[in-house]
Amino acid sequence: MKDIPKSKRYALGWYHEGITHLSINEYEEAIAFFDKALTVIPDHPDFLIGKGDVHFAMGRFDEAFQLYQQATRLDPDSFRAWLRSGIALLKMGRYGEALDILTRIRPMNEYDGELWLAHGIALSHLGRKEEAAESLRNAMRLKPNQPALWYYLSLLEPDHEQALRLLLRGYRIDSTNLDIILEIARRLMETGHHRDARVFCEKARTLDPENRKAASFLSQCRE
């Protein structure tokens, strides 16, 4: 973390309060504490990243991206700010821009599994499957406990049984991940296991009653 003058170190308490509230999904409270910290030190990159992380968690990816970029301007060597910028771009579907950032910062931390996952996701969406698979394998070696890793690995796997093994590994890490749940349902339907697929479709509908993909799959299972 960037040095803070002794006379202003009380702002760290507000920063840590923000982190705590973010960790328990109390987003409005988290923003309030990060804003307090930023009132004291408006140009602190870590405070900006913290506030960006709250917006990211709330699905406000553009706002998060702007805060991350502000942090990179203040601290061009902040790997975290650049990585979060790239991930926010992924969430906005700006895959080419995300890939540019993620490729550029790779030399800053070649051993970060989150970076390799984001890099693989960007390549996957751009149709560069072989490169995506290589990046995802690096992520698997460095940080295998990322649910999205197993989802994207499964998308590159043509064999349904192998894909399901990958998906179920991700499901064991996060049983509320809708992408994983719906892909499990799709693969099960493709292999004729409609009863099992229905269980996952119903879980998806419970988690997100408005999810059209889950509703469509559930209708197919019932037929």
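Any read-out appearing in this document is the output of simple, stated calculations on the displayed coordinates, not a laboratory observation. These numbers were taken from a predicted model, which means no experiment stands behind them. For neighbour counting, all protein chains shown are included, and Cβ atoms are generated from backbone atoms with ideal geometry for every residue, glycine included.
Expressed in Å, the radius of gyration and Dmax of the Cα atoms of region 138-180 are 9.5, 25. How charged is the neighbourhood of H160? Take every other residue with its Cβ under 14 Å from the Cβ of H160, and add Lys/Arg as +1 and Asp/Glu as -1. Around H160, the surrounding residues sum to -3.
Using a cutoff of 8 angstrom between alpha carbon atoms and counting only pairs six or more residues apart, the relative contact order for region 1-92 works out to 22 percent. Any chance you could check the Cα centroid distance between region 184-223 and region 28-91 for me, in angstrom? If you average the Cα positions of each part, the centres end up 37 Å apart. Its residues counted as N, the chain yields a C-alpha radius of gyration over 2.2 N^0.38 Å of 1.16. Across the chain, the relative contact order, built from alpha-carbon pairs under 8 Å that are at least six residues apart, equals 9 percent.
What is the gain in length, in nm to one decimal, between R195 and T39 on full extension, counting 0.36 nm per residue of separation less the C-alpha to C-alpha distance?
So the chain would gain 50.6 nm between R195 and T39.
Normalised by residue number, the volume inside the convex hull of the Cα atoms of region 1-92 is 79 Å³ per residue. For region 159-223, the pair-distance distribution built from all alpha carbon pairs, in bins 10 Å wide starting at 0, is 25, 57, 18, 0 percent. The count of lysine pairs in the chain with alpha-carbon distances below 24 Å, taking only pairs 8 or more places apart or on different chains, stands at 14. Between the residues H21, L74, M58, the greatest Cα displacement towards the positive end of the dipole of region 1-92, with unit charges on the Cβ of Lys, Arg, Asp and Glu, is found for L74.
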